[in-house]
1. Could you look through the stretch 86-134, keep only residues that are β-branched (Val, Ile, Thr) and modelled with pLDDT under 95, and pick out the one that is nearest to ALA174 (Cα to Cα)?
2. Select from the stretch 16-39 the residues that are more than 9 Å from the chain's Cα centre (by Cα) and either closer than 16 Å to ASN68 by Cα or more than 8 Å from ligand 1 (Cβ to nearest atom) (or both) and list them in ascending order.
3. Any residue at all in the stretch 22-39 that's aromatic (Phe, Trp, Tyr), crowded, with 19+ Cβ neighbours inside 10 Å and more than 16 Å from ligand 2 (Cβ to nearest atom)?
4. Do any residues in the stretch 77-106 that are farther than 14 Å from LEU29 by Cα have Cβ atoms under 7 Å from those of residues that are modelled with pLDDT under 75, where the two are at least six apart or on different chains, and which pairs are they?
5. Among the numbered conditions (1) more than 16 Å from ligand 1 (Cβ to nearest atom); (2) farther than 20 Å from LYS183 by Cα; (3) touching a residue at least 40 places away in the same chain (Cβ under 8 Å), tell me where ASN63 comes up short.
6. Are any residues in the stretch 175-198 in contact with an Asp or Glu (Cβ under 7 Å, 6 or more places away or on another chain) and either charged (D, E, K, R) or within 25 Å of MET125 (Cα to Cα) (or both), and if so, which ones?
Amino acid sequence: MKITSAEFVLGVTNLRQLPKDSCREVAFLGRSNVGKSSLINKLCNRKSLARKSAEPGKTRELNYYLVNNQYYFVDLPGYGYAKVPEQIRSSWGKLVEQYLKGRKQLALVLQLVDARHEATELDLMMVGWLEYYEVPFVVVLTKADKVPRSKMSSHLSEARAAFHAFAGCRDIIAFSSVTGDGKSEILRAMAQFLDDPI
Ligand SMILES: Nc1nc2c(ncn2[C@@H]2O[C@H](COP(=O)(O)OP(=O)(O)OP(=O)(O)O)[C@@H](O)[C@H]2O)c(=O)[nH]1
Ligand SMILES: [Mg+2]
């Protein structure tokens with residue numbers, strides 16, 4: 001899959017605002033600061049397409065990007081930022097869970113986890129939701145440039161051990177938005193799901 005165009009179309013704060021067309025979508029899920037917006041920008045070859053939130057944890061919207069005039073990339077708000085008040089955290093949870101539960105157009109989730117660290121409890125909770133709602137996902141280990149090459153294979157094995165129990169986990173790919181490593185693998189994995197009929 002080659003991305004030739006990408007544009008921001010909509011920030012959704014309420015599920016009634018979701019696009020009504022039948023374009024398939026890929027959603028990007030992960031803790032705040034893990035690299036969701038950077039991944040979208042790299043996949044689309046754009047420096048600042050995906051908005052970076054001024055303050056981590058402040059973005060409460062599902063940001064929709066139209067790709068190749070055909071698909072949507074959905075940048076989900078990051079979770080796990082400690083300073084976010086409980087009330088906002090629970091409204092975030094409801095919005096994202098309802099989206100994952102009911103969105104027929106959702107073809108695949110990219111679940112981002114920092115390559116330097118083990119998956120957090122919240123990461124595993126998200127993957128639990130994906131499993132429960134039968135949404136297939138690919139785990140992307142982000143910021144791979146920060147892991148010494150000699151350690152990468154053991155980090156990948158740890159991730160495999162953490163995620164292999166989930167039937168919905170289709171692949172685990174190390175990625176760096178600095179070097180572009182992993183980009184073509186991610187695009188290849190996405191293409192398989194985007195071209196399936198709904
Ligand atoms: N070294 C390195 N830094 C990265 C990489 N990806 C993202 N970053 C940095 O990590 C920080 C957060 O990246 P974002 O892409 O804004 O993360 P996000 O997940 O969209 O964050 P929220 O929107 O707040 O949830 C930024 O300073 C990025 O430059 C990477 O692959 N390598
Ligand atoms: Mg972001």
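The values are calculated or read from the model by the stated rules, or taken from the named source; none is laboratory data. Please read these numbers as outputs of a predicted model, since none were measured by experiment. Here the Cβ is made from the backbone with ideal geometry for all residues, glycine too, and neighbour counts use every protein chain on show.
1. THR120
2. Within the stretch 16-39, ARG16, GLN17, LEU18, PRO19, LYS20, ASP21, SER22, CYS23, ARG24, GLU25 meet the criteria.
3. no
4. LYS83/GLY57; VAL84/GLY57; LYS104/ILE198; GLN105/ILE198
5. Condition not satisfied by ASN63: (1).
6. PHE175, SER176, ALA189
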